[in-house]
Each structure stands twice: as C-alpha cells, then as structure tokens.
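Peer 1: Below you'll find the structure I mean.
The values are calculated or read from the model by the stated rules, or taken from the named source; none is laboratory data. The structure displayed is predicted, hence computed values, not measured ones. Cβ coordinates were reconstructed from backbone atoms using ideal geometry, including for glycine residues, and neighbour counts include every protein chain displayed. Heads up: the accessible areas ignore ligands, DNA and RNA and are worked out on the full protein's heavy atoms, side chains in. Shrake-Rupley method; radii C 1.70, N 1.55, O 1.52, S 1.80 Å.
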Amino acid sequence: EKKILNSPPEERTEEKRRLLRVVLRKIECLQELTVEQLDDIAGCATFEYYEPGRVILREGHHPNAVYFLANGEVVVSRLRWDSIYRTYNDTPCGTRVRGQMFGEIALLHDCPRTATCTTATDCELLCLYRTDFERILKCTLLERWRQLQLALARFDYFKYWTNDQVRECCLLSRIVAFESHQKLPVDVDARYAYFVLSGQCMILQCLTVSHRHGTYRLLPIEANKSSTAKQTSTDANDPKQANVELRFIDVGTFSCGSVFGLGEAMPHRMVVARNRVQCLVIPRDWLFEKQQNVGNTWQRIRMKLDMTIQRDRLFELFVRDQHWQRYRKTLVREFVRRNPRQNPTQLADVPIMCRVEQGEI
C-alpha cells in the first residue's frame, strides 16, 4: 500500500488505482462515495508522512488541501483567550484517528483554517488539493453537511449551541439507519449517543428467574451466567431443582425525538428497532464536554432513564401477570368442567368450504 501511495499520480497504472481504491474504502468518511468518485480520488490523491509533533494545519492560515488519515492520530486544538494571563493559549479540543478526515471546513465554507492539527503519533495521510476537492467532493460533503444540520435542528437540545459547536458536531456525527428487528449496538459500542430521527425502538429487559413449585425468584445479574451454566448438570442430578428461565419483557419505546446511549445501565437490556429507524449518532465523550453539557443535561436524562426501568418493579409485575394467567386458566377449566358443552356439533359437521375459507383468513 505504501509503495502505491508514494508513486506520483501520473504513474499509477489501473492495477495500482484498484488497490488504492481498496485503501480509500477503509477510510470511514469515504465509504458512501461512488466508484467514480473513488477512482477520481485514487488518480489525484498524494501520500504524505509526518512524524510526531508536526503541525499539519495552522489556525487562521489559508486552506489549500484536505487530509484523510490512513494511519496514526492527530490532535485538534484551538486558540482560547485566557482572561487571567490575558493571552491566547493553544487548547486541545479533539482528536482525529484512522479513517477520519480533517481540513474540510475551511474549503467547504471558504474561510481561514478554524483549528490547528498536530500529529500525536507517526501519521500517514492522503492529501487532496483544493481544485480536486472542489471537483470531486465538495457537492457531496455540502449535502451531507446540510442533512446533519437539519437533523440537529429537530432537537431542542442543540437550539442554543454556537456555530462552532454545530460545526464540530457535524464533523463528528453521522446518520445511521437500522432495519426492523435489528439490535442497536448500544451495549456493545458505548462510544456513541443515539438521537432518534424517525421510527421506533423498543427496550427489551431480560429477567433471569428461578421457578419452582409455582413460585418465582429473581436472580441477581452477577449470578445469571453461573446459574444458567449450572442448570443442565443440576437438572440431571436433581429433578426437583428450580428451573432457571430467561424472560424478555418489552418495557418501553424510544420514538422520534428520544435520546439514549448516554451511559445508562444496560445489563441484560437491549434496544431493538420496531420498524426502520434512523438515528443521529454523536460521540458521547464529546457530548459530555463542558461546552455541550450545560447544567449536566445528559447526566439528568441518563438518571431519568435508569430510574424509569427498575428490575425489581418489573419482576413484581411479571409475577403478578403469571398469577393472573394461572388463575384464569384454572377458572376456565373449572367452568368447562361444571358446564359441559351442550352443542353436539363436531368439526366434521362444518362444510369443507367454510373450513378452507376460515383457514385462509
């Protein structure tokens, strides 16, 4: 890959361009591009290497290129005014890692560089100069930028954000779609918060209960795995041993405008799409920074979610429902026993056409 990237654009053969397209596909921000756009970038992008501590972009300078980080890590910083020492300090405000793009803000909005980017490790970059950027990517990125701004405008949480905050959010966030009955990776990838743009998601809580002689007992979360693992061997040795059951309960719905994935407790809990769902996905660490978390907004939402869904209360409702189901079956069985059916009609007495029609319905 390095040999291909180091070769001048005019010397790249078709095979080299094909391999370079594979490299470009690994960059997260380019995965939605068409094959034609990737071919154009493969034909004109140049490879650059920077050792740690090198400044790639300087805040306030005139922009002439956009960069794609193929390997390494870059620190983004901005000049902040220190009212005590009455001077500007270069303050880190984020990072860019492998697969991300930086330097496009100034080219999209035709303004000076808005931040300084410095390499934190050895970095391998793909550089796309201004003329090629405007020809290949500018229209696509402007449309993506517009969609993200419209998505942010639908939530009151972001109403009072500054232009810099909205710009940074558009850089870090993305819109993700989930199909019906697809599990959202909230418990697997805890880096992102989810804002529902369309569709509905259901919250499924798994209760691990032991059942013996018509009584139920809720097992603690830490004992779930060990209890379930021992179940097979225990049942073989003691047929009277309590059965361990997993009961999934639909406890709520996240509809349009809801937010989750803020760090709420997710043991034995999952979020599944009821229908096709679109979510605005924002990095949680950035969202919890002081500028975006005025009044601890996100912690308060998380506490509300944790307090709304309580395992002990769900278990009480589950036991009550089981008792009601048992009582209803007993009542119906007793009624049928005392009042046997008087109508002697059998299934064979019903015309075949009626049975076929009813079966189709």
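Peer 1: All but one of (1) surrounded by fewer than 16 Cβ atoms within 10 Å (Cβ to Cβ); (2) more than 22 Å from the chain's Cα centre (by Cα); (3) part of a strand (DSSP E or B) hold for Gln325, so report the exception by its number.
Peer 2: (3)
Peer 1: Here is a further query. Is it the case, given these coordinates, that Arg96 is surrounded by fewer than 19 Cβ atoms within 10 Å (Cβ to Cβ), basic (Lys, Arg) and either under 29 Å from the mean Cα position of the chain (by Cα) or not assigned by the TED database to the domain that holds Asp164 (or both)? Steps first, answer last, please.
Peer 2: Numbers: surrounded by fewer than 19 Cβ atoms within 10 Å (Cβ to Cβ): no; basic (Lys, Arg): yes; either under 29 Å from the mean Cα position of the chain (by Cα) or not assigned by the TED database to the domain that holds Asp164 (or both): yes.
When the stated conditions are applied, Arg96 does not pass them.
Peer 1: Would you check which residues across segment 75-90 are hydroxyl-bearing (Ser, Thr, Tyr) and either outside the structural domain of Cys117 (by the TED database) or closer than 10 Å to Ala115 by Cα (or both) and list them? Even if it seems obvious, please write down each step before you answer.
Peer 2: Our first condition is that a residue be hydroxyl-bearing (Ser, Thr, Tyr); within segment 75-90, this holds for 77, 83, 85, 87-88.
Across segment 75-90, the qualifying residue is only Ser77.
Peer 1: Sort out which residues of segment 271-310 are over 21 Å from Phe158 (Cα atoms), touching a Lys or Arg at 6+ places or on another chain (Cβ under 9 Å) and open to solvent by 20 Å² or more (accessible area, probe 1.4 Å), and write them in order of number.
Peer 2: Result: Ile309, single match.
Peer 1: Look at segment 3-55 and say how many of its residues are in a helix (DSSP H, G or I), modelled with pLDDT under 70 and open to solvent by less than 20 Å² (accessible area, probe 1.4 Å).
Peer 2: Matching residues across segment 3-55 total 1.
Peer 1: Oh, and also: Assess whether Tyr88 counts as being open to solvent by 60 Å² or more (accessible area, probe 1.4 Å), in contact (Cβ under 8 Å) with a residue 60 or more places away in the chain and not charged (D, E, K, R). Can you show your working first?
Peer 2: Working: open to solvent by 60 Å² or more (accessible area, probe 1.4 Å): yes; in contact (Cβ under 8 Å) with a residue 60 or more places away in the chain: no; not charged (D, E, K, R): yes.
So Tyr88 does not fit the description; no.
Peer 1: Now for a different question. Give the residues of segment 56-97 that are at pLDDT 85 or above and in a loop (DSSP other than H, G, I, E, B), sorted by residue number.
Peer 2: Arg58, Glu59, Gly60, His61, His62, Pro63, Asn64, Gly72, Glu73, Val97
Peer 1: Given the options Thr140, Thr116, Thr162, name the one that is touching a Leu at 6+ places or on another chain (Cβ under 8 Å) and open to solvent by 30 Å² or more (accessible area, probe 1.4 Å).
Peer 2: The match here is Thr140.
Peer 1: Can you find a residue in segment 106-127 that is in contact with a strand residue (DSSP E or B) (Cβ under 7 Å, 6 or more places away or on another chain), assigned to a strand (DSSP E or B) and without any contact (Cβ under 8 Å) to a residue 24 or more places away in the chain?
Peer 2: The first filter runs over segment 106-127 and keeps only residues in contact with a strand residue (DSSP E or B) (Cβ under 7 Å, 6 or more places away or on another chain), leaving 107, 113, 115-120, 123-127.
Next cut, assigned to a strand (DSSP E or B) only: 116-119, 123-127.
This time we only want the ones that are without any contact (Cβ under 8 Å) to a residue 24 or more places away in the chain, so: none.
No, segment 106-127 has no match at all.
Peer 1: From the list His211, His181, which residue is in contact with a strand residue (DSSP E or B) (Cβ under 8 Å, 6 or more places away or on another chain) and assigned to a loop (DSSP other than H, G, I, E, B)?
Peer 2: On the way: His211 fails: assigned to a loop (DSSP other than H, G, I, E, B).
Result of the check over His211, His181: His181.
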